[in-house]
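Structure first, commentary second.
The values are calculated or read from the model by the stated rules, or taken from the named source; none is laboratory data. A quick note: this is a predicted structure, and the numbers were derived from the prediction, not measured. Glycine gets a Cβ as well: all are built from the backbone with ideal geometry, and neighbour counts include every protein chain shown. Ligands, DNA and RNA are stripped out before the accessible areas are found, and what is left, the full protein with its side chains, is counted by its heavy atoms. Shrake-Rupley method; radii C 1.70, N 1.55, O 1.52, S 1.80 Å.
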Amino acid sequence: MPVLELKGVSKHFGAIHALDDIDFALDRGEVLGLMGDNGAGKSTLVKMIAGNFPPGSGTIAIDGGTVEFRKPLDARARGIEVVYQDLALCNNLTAAANVFLGRELMTTFMGLPRLDHRRMVQRATELFAELRSETRPSDFVRQMSGGQRQAVAIARTRLAAAKVVLLDEPTAAISVRQVAEVLELIRKLKAAGVAVILISHRMPDVFTVCDRVMVLRRGRKVADKPIGETSPEEVTGLITGAIHAL
Amino acid sequence: MHGQAGQAARRLRWTLSVVTQPAWITLAVLAIGAVMCLISPAFRTYDNIYNDARNFAFIAIMAMGQMTVIITGGIDLSVGAVMGLTGIVTGLVLQAGYPLWVGVIAGLGVALLCGLINGIAVAKLNLSPFIVTLGMLSVARSQALVLSNNKMVYQFGPDEQLFVAIGGGDLFGIPSIVIVMVAIGVVLTILLNHSRWGRYLYALGSNEHASRLTGIPVEAVKISAYMFSSLTAGIAAILMVGWLGAVTNALGTAYELRVIASTVIGGVDLMGGIGTAYGAIIGAALIEVVRNALLLAGVDPYWQGTFVGVVIACAVLLERLRHRRSD
Ligand SMILES: Nc1ncnc2c1ncn2[C@@H]1O[C@H](COP(=O)(O)OP(=O)(O)OP(=O)(O)O)[C@@H](O)[C@H]1O
Ligand SMILES: [Mg+2]
């Protein structure tokens with residue numbers, strides 16, 4: 001049974017058809033590359049799966065059961081974690097505070113609830129070590145590099161036992177070495193049985209870690225192929241519309 | 001190597017830019033105070049310092065409430081008017097012969113209601129905080145006038161003595177209002193640093209969209225900030241009426257300016273996301289010390305507003321400069 005399945009999903013913003021009748025399924029431990037030109041609807045698809053807005057029509061199912069998320073928290077409760085394209089971090093807080101934002105660890109002080117700074121820093125340190133990132137938990141996000149911010153956003157997805165992790169252009173704005181780190185992390189997620197959707201404009205990334213690639217063009221799915229049965233040239237053609245598939 | 005040094009320098013600059021505004025202002029308050037003590041025998045009297053402390057404590061209490069709103073990226077222009085309305089309501093309830101606790105609950109209840117309305121209008125209806133609280137300023141001031149029928153209230157029923165003793169009294173020579181200010185400051189500092197509420201205030205002031213995505217109850221947090229701001233205005237009102245021994249509907253007129261100025265001087269960022277309780281207190285202290293110094297220096301009191309205005313403008317300018325450096 002697929003861990004995530006979309007059937008006939010559409011979404012339009014006014015006259016713009018951001019997504020048009022999308023079907024696909026994703027198994028445990030599968031990594032799906034999601035590609036498409038700017039404005040093809042990739043982020044819209046991710047945001048919808050993550051519960052930011054409901055599909056205009058069609059259904060989303062998790063582990064075979066149809067779900068209707070009304071807010072991001074609902075999706076998170078069902079094991080869906082997202083790294084957004086704009087990372088969604090708070091510059092004025094530390095890395096550890098950002099990792100735990102919305103699910104702070106608490107302790108008590110004289111019977112009253114208080115933030116457990118120590119444990120959050122500790123856990124964040126572990127997570128960053130796991131990601132082999134040099135991010136320091138007590139640094140403010142404002143003073144961080146693109147790669148460090150990325151690590152903070154990704155560390156967030158590791159807090160809970162996620163079933164599906166959605167990564168919206170995690171390798172856009174970071175160095176070559178850091179790209180390798182992110183790809184390594186995706187492999188770890190896969191090994192742990194997590195299903196991953198990786199949005200990227202970078203062909204090499206997709207062809208190194210993904211099992212399948214799905215191409216969107218103007219809101220429509222134009223291809224969904226195992227990585228071994230396609231090539232960067234073909235995918236490029238599908239993205240630009242030079243090749244008409246399906 | 002170079003990168004590491006660069007990062008260390010960046011961190012240092014960032015630390016300086018955050019920590020030092022209240023620290024600088026503290027230095028300024030101490031310096032002005034020290035100079036005044038040296039040159040003015042009138043300044044260094046116990047009575048003068050006692051009065052200074054009392055004057056600024058009212059503003060400081062409200063500045064702490066205001067600060068929580070500004071951290072979320074909002075602003076509360078209604079605090080002076082809410083103070084007036086709370087003072088009148090409490091005064092009238094006491095005048096009608098009810099015990100003190102009823103008067104206090106009625107007053108604070110009205111203040112909280114004003115904050116709730118502000119908060120709902122801003123958080124749920126997505127109206128501009130500036131416009132919403134400007135509207136509340138007008139409504140609350142007008143209601144104070146309606147309820148008081150433009151008459152002064154100066155009889156406070158059976159608990160009058162207690163009421164006056166609490167507002168105007170002191171403990172070990174420290175005015176009660178100063179003790180309340182310190183208590184609120186300590187509690188607020190703890191909440192801002194060690195509670196979810198505090199963390200969420202900062203988070204949503206920095207990135208509201210991100211806060212929503214992580215599941216922070218953005219609306220509830222915003223509403224709570226406006227309610228807290230009104231509550232501090234209510235507390236200040238009740239203590240001030242007790243101290244003055246009388247209340248008119250003009251209580252707190254134009255206080256919003258001094259309150260907001262205190263927060264800005266104390267390093268609160270009007271763009272949201274940055275601020276401390278201590279900063280709000282020390283900002284209020286600076287205004288009071290400057291005001292008092294000018295007065296003792298024989299400067300025409302009519303000029304006070306001009307000087308205070310210049311101090312505010314300088315504080316905002318300083319903030320802008322620091323920002324440019326740290327970004
Ligand atoms: N909230 C919204 N309101 C209106 N239109 C929207 C909204 N979000 C997205 N769109 C539109 O939907 C279309 C798809 O946008 P989307 O962000 O999903 O593209 P994308 O594939 O992620 O592009 P990119 O590669 O640039 O990130 C675009 O035409 C965009 O302008
Ligand atoms: Mg996108």
| said: From the list A:Lys225, A:Lys221, exactly one residue is away from chain B (no Cβ under 14 Å), within 16 Å of ligand 1 (Cβ to nearest atom) and not polar (S, T, N, Q). Which is it? | reply: A:Lys221
| task | Kindly indicate whether any position in the stretch B:54-61 is at pLDDT 90 or above and open to solvent by 20 Å² or more (accessible area, probe 1.4 Å). | result | yes
| message | Here are the criteria: (1) without any contact (Cβ under 8 Å) to a residue 40 or more places away in the chain; (2) in a loop (DSSP other than H, G, I, E, B); (3) more than 16 Å from ligand 2 (Cβ to nearest atom); (4) of a type outside the set (A, V, I, L, M). Tell me which single one A:Pro55 does not satisfy. | response | (1)
| If you scan the stretch B:213-233, which residues turn out to be surrounded by 20 or more Cβ atoms within 10 Å (Cβ to Cβ) and either among the hydroxyl-bearing types (Ser, Thr, Tyr) or over 18 Å from B:Ala277 (Cα atoms) (or both)? | B:Leu213, B:Thr214, B:Ile216, B:Ile223, B:Ser224, B:Tyr226, B:Ser229, B:Ser230, B:Thr232
| task | Look at B:Leu201 and say whether it is buried (at least 19 other Cβ atoms within 10 Å of the Cβ) and either within 14 Å of another protein chain (Cβ to nearest Cβ) or touching a helix residue (DSSP H, G or I) at 6+ places or on another chain (Cβ under 6 Å) (or both). | result | yes
| message | Can you find, within the stretch A:43-55, the residue that is farthest from ligand 1 (Cβ to nearest atom) among those that are away from chain B (no Cβ under 14 Å), open to solvent by 10 Å² or more (accessible area, probe 1.4 Å) and touching a strand residue (DSSP E or B) at 6+ places or on another chain (Cβ under 8 Å)? | response | A:Pro55
| query | Which of (1) within 16 Å of ligand 2 (Cβ to nearest atom); (2) modelled with pLDDT under 90; (3) not aromatic (Phe, Trp, Tyr) does A:Leu32 not meet, given it meets every other one? | reply | (2)
| request: Could you identify the single residue in A:Leu105, A:Leu101, A:Leu89, A:Leu131 that is under 28 Å from A:Met35 (Cβ atoms) and either touching a His at 6+ places or on another chain (Cβ under 9 Å) or at pLDDT 90 or above (or both)? | output: A:Leu89
| said: Suppose we filter A:Ala75, A:Ala88 for residues that are part of a helix (DSSP H, G or I), within 12 Å of chain B (Cβ to nearest Cβ) and open to solvent by less than 40 Å² (accessible area, probe 1.4 Å); which single one remains? | reply: A:Ala75
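The rows are residues; the columns are (1) open to solvent by 10 Å² or more (accessible area, probe 1.4 Å); (2) hydroxyl-bearing (Ser, Thr, Tyr).
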{"site": "A:Thr107", "(1), (2)": "yes, yes"}
{"site": "A:Asp116", "(1), (2)": "yes, no"}
{"site": "A:Arg132", "(1), (2)": "yes, no"}
{"site": "A:Arg149", "(1), (2)": "yes, no"}
{"site": "A:Ile154", "(1), (2)": "no, no"}
{"site": "A:Val164", "(1), (2)": "no, no"}
{"site": "A:Glu184", "(1), (2)": "yes, no"}
{"site": "A:Ile197", "(1), (2)": "no, no"}
{"site": "A:Arg202", "(1), (2)": "yes, no"}
| Which ones in the stretch A:19-40 are within 6 Å of ligand 1 (Cβ to nearest atom) and open to solvent by less than 10 Å² (accessible area, probe 1.4 Å)? | A:Gly36, A:Ala40
